[in-house]
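Structure first, commentary second.
Derivation of every value follows stated rules applied to the coordinates shown; laboratory data play no part. Worth saying up front: this structure is predicted, and the values here are computed from it rather than measured. Don't worry about glycine lacking a Cβ; one is built from the backbone with ideal geometry, like all the others, and counts go over all protein chains shown.
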There are 2 protein chains.
Amino acid sequence: MNKNATDEDYMRLALEQAQSAAAQDEVPVGAVLVDATTGAVVAAAGNRTRTDCDPTAHAEILVIRDMCRRDNAQRIPACHLYVTLEPCTMCSAAISFARIEKLVYGAPDPKGGAVESGVQFFGQETCHHRPSVITGGVLAQPCGDILRAFFKDKRMAGR
Amino acid sequence: MNKNATDEDYMRLALEQAQSAAAQDEVPVGAVLVDATTGAVVAAAGNRTRTDCDPTAHAEILVIRDMCRRDNAQRIPACHLYVTLEPCTMCSAAISFARIEKLVYGAPDPKGGAVESGVQFFGQETCHHRPSVITGGVLAQPCGDILRAFFKDKRMAGR
């Protein structure tokens, strides 16, 4: 990827991470972090809560942790985050702590999201940093489809 | 510690973790996890965001991750969590994901908390598990004092 890549281009890479997560029986959400200057993808992950036995191992948290550690920093304002699902309450706050400047997500999540749904964290007084760009609904259909298929399979298996 | 230990007893141990954090130049918040059956402390940590270069390395998250990994589970309902400061938005959601059944905290945090302050996450529709016991204000004075002293020192040093 380079500086001419679009939000959709990056979201397709996040979707690949979601697909890899599904193959590991993880909730298929994927994320990539992009260097805002070069356009290069600098971190990528799918959910790993089962694999890692870690309820905090959402895709967003994993790429933030990964990049912060490599950058030797708690804040990575030069990174843009792409994630296939609207971030939850935990991840929205982590995105704020990490000082991410641009957030792009795919499918909305009325049941667990915290950007346009739920607590709408970035508009709250206890949120001390809000990404200057927040875009939802990018490739919302395929980003949502992969989750719907995953949970439909789970329900079928549970019968 | 044993089954006769009180909330104050455990909070004193969390405060020791906060003190250790301060000695590492970390924001002095400490947490312990307690086995609800035996009363034994099974995990303890202070904030490590600087040390670990991880904006998600709050004391609560660290003890949850630690215990989940050792328990080989994403959920640890048999654990009680003691933390010196009202959990933030990120940690409140993580506490919910981990299915913690009892949460005890020390000082309230009107600027960044999410239990009695801010988004009051456990009362939200996008919160799918609420601890059945939530107690705030345990040893609130010393738990708050250590934070006030830390930030006062920081301001003095900045002059």
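When A:Asp66, A:Asp54, A:Asp25, A:Asp35 are screened for being of a type outside the set (A, V, I, L, M, F, W, C), more than 11 Å from chain B (Cβ to nearest Cβ) and closer than 26 Å to B:Asp71 by Cα, only A:Asp25 passes. Set side by side, the residues A:Val63, A:Val29 differ, and just one is within 27 Å of B:Thr51 (Cβ to Cβ) and crowded, with 23+ Cβ neighbours inside 10 Å, which is A:Val63. Residue count for segment A:88-112, restricted to those that are more than 7 Å from every other protein chain (Cβ to nearest Cβ) and not charged (D, E, K, R): 12.
Taking the criterion of being within 11 Å of another protein chain (Cβ to nearest Cβ) and either of a type in the set (Val, Ile, Thr) or crowded, with 17+ Cβ neighbours inside 10 Å (or both), the residues of segment B:123-143 that qualify are B:Gln124, B:Thr126, B:Cys127.
Criterion first (polar (S, T, N, Q) and within 12 Å of chain B (Cβ to nearest Cβ)) does A:Thr49 satisfy it? Answer is yes for this residue. Considering B:Thr84, B:Thr56, B:Thr37, the condition of being within 19 Å of A:Asp54 (Cβ to Cβ) and among the hydroxyl-bearing types (Ser, Thr, Tyr) is satisfied by B:Thr56 alone. The criterion of at least 3 residues that are in contact (Cβ under 8 Å) with a residue 60 or more places away in the chain is met, among strands (runs of 3 or more DSSP E) falling completely within segment B:1-114, by B:79-85, B:102-107.
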